[in-house]
1. If we keep just the residues of the range 62-90 that are hydrophobic (A, V, I, L, M, F, W, C), in contact (Cβ under 8 Å) with a residue 24 or more places away in the chain and assigned to a helix (DSSP H, G or I), which is nearest to residue 23 (Cα to Cα)?
2. Of everything in the range 149-164 that's in contact with a Phe, Trp or Tyr (Cβ under 9 Å, 6 or more places away or on another chain) and assigned to a loop (DSSP other than H, G, I, E, B), which residue is nearest to residue 124 (Cα to Cα)?
3. Look at residue 95 and say whether it is β-branched (Val, Ile, Thr), at pLDDT 95 or above and farther than 25 Å from residue 26 by Cα.
4. Name the single residue, out of those in the range 1-55 being surrounded by 13 or more Cβ atoms within 10 Å (Cβ to Cβ) and of a type in the set (S, T, N, Q), that is nearest to residue 91 (Cα to Cα).
5. Consider residue 146 carefully, then state whether it is of a type outside the set (Gly, Ala, Ser) and either assigned to a strand (DSSP E or B) or surrounded by 13 or more Cβ atoms within 10 Å (Cβ to Cβ) (or both).
6. Examine the range 106-127 for a residue that is assigned to a helix (DSSP H, G or I), touching a residue at least 60 places away in the same chain (Cβ under 8 Å) and basic (Lys, Arg), and state whether such a residue exists.
7. Scan the range 127-143 residue by residue and report those that are of a type in the set (Gly, Ala, Ser) and surrounded by 11 or more Cβ atoms within 10 Å (Cβ to Cβ).
8. I need the full set of residues from the range 93-129 which are of a type outside the set (A, V, I, L, M) and closer than 15 Å to residue 41 by Cα, in order please.
Amino acid sequence: MYPMTPRHFNWSEFDSKDAQRQRIPGSGERMMNRPFVSDLDLVRQLMGQPLTVTSGYRTPAYNRIVSSTGEAGPHTTGKAADLAAAGQHAFRLVVATVLVKAYRAGVLAEVDLTPATLDRVVKASFQGIGLQQASKVPHAGRFVHLDTCTPSETNGLRPWLWSY
């Protein structure tokens, strides 16, 4: 069901670094979760453009250096990746992940997973998404901003994703 080799990524893009921040060759191919990478392939298919993996698999030792999760965390399971994204690109990336979830849930057919579908969904309804999730008090002051403003109404780009 899941291909052994990703269509849109090289396994080396998911390689961990060691404590000296040197890449550990082959660690991505050995440790990344195949269903997770298959879903990333579908996100990439929808985006219709390359995605840059900034972090894939992490050894527990490296994760302890770079993450508050210590020696455990999503990256140490091979079921997480950080992708470079900002603004409109980030907005499209978030929408693409939701469409892949809909496909995996049986709501969309694979034939629907095209850049044209993503473009139609991105242009529909919400055009601004703002995230405020940092707070000294758990859950207090956290929110998600949603808007349907156009660029002329905001003097800014739309669609757009940002954090406060």
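The values are calculated or read from the model by the stated rules, or taken from the named source; none is laboratory data. Remember, it's a predicted structure, so these values are computed and weren't measured experimentally. Methodologically, a virtual Cβ is constructed for each residue, glycine included, from the backbone with ideal geometry; neighbour enumeration extends over all protein chains shown.
1. So, considering only residues that are hydrophobic (A, V, I, L, M, F, W, C), in contact (Cβ under 8 Å) with a residue 24 or more places away in the chain and assigned to a helix (DSSP H, G or I), the one nearest to residue 23 (Cα to Cα) is 65.
2. In this case the residue turns out to be 159.
3. Details: β-branched (Val, Ile, Thr): yes; at pLDDT 95 or above: yes; farther than 25 Å from residue 26 by Cα: yes.
It is true that residue 95 is β-branched (Val, Ile, Thr), at pLDDT 95 or above and farther than 25 Å from residue 26 by Cα.
4. So, considering only residues that are surrounded by 13 or more Cβ atoms within 10 Å (Cβ to Cβ) and of a type in the set (S, T, N, Q), the one nearest to residue 91 (Cα to Cα) is 45.
5. Values: of a type outside the set (Gly, Ala, Ser): yes; either assigned to a strand (DSSP E or B) or surrounded by 13 or more Cβ atoms within 10 Å (Cβ to Cβ) (or both): yes.
Yes; evaluated as a whole, the condition is true for this residue.
6. no
7. Here is the first cut: in the range 127-143, the residues of a type in the set (Gly, Ala, Ser) are 128, 130, 134-135, 140-141.
128, 130, 135, 141, listed by residue number.
8. Within the range 93-129, the first condition is being of a type outside the set (A, V, I, L, M), and the residues that meet it are 97, 101, 103-104, 106, 110, 112, 114-115, 117, 119-120, 123, 125-128.
The answer is 97, 101, 103, 104, 110, 112, 114, 115.
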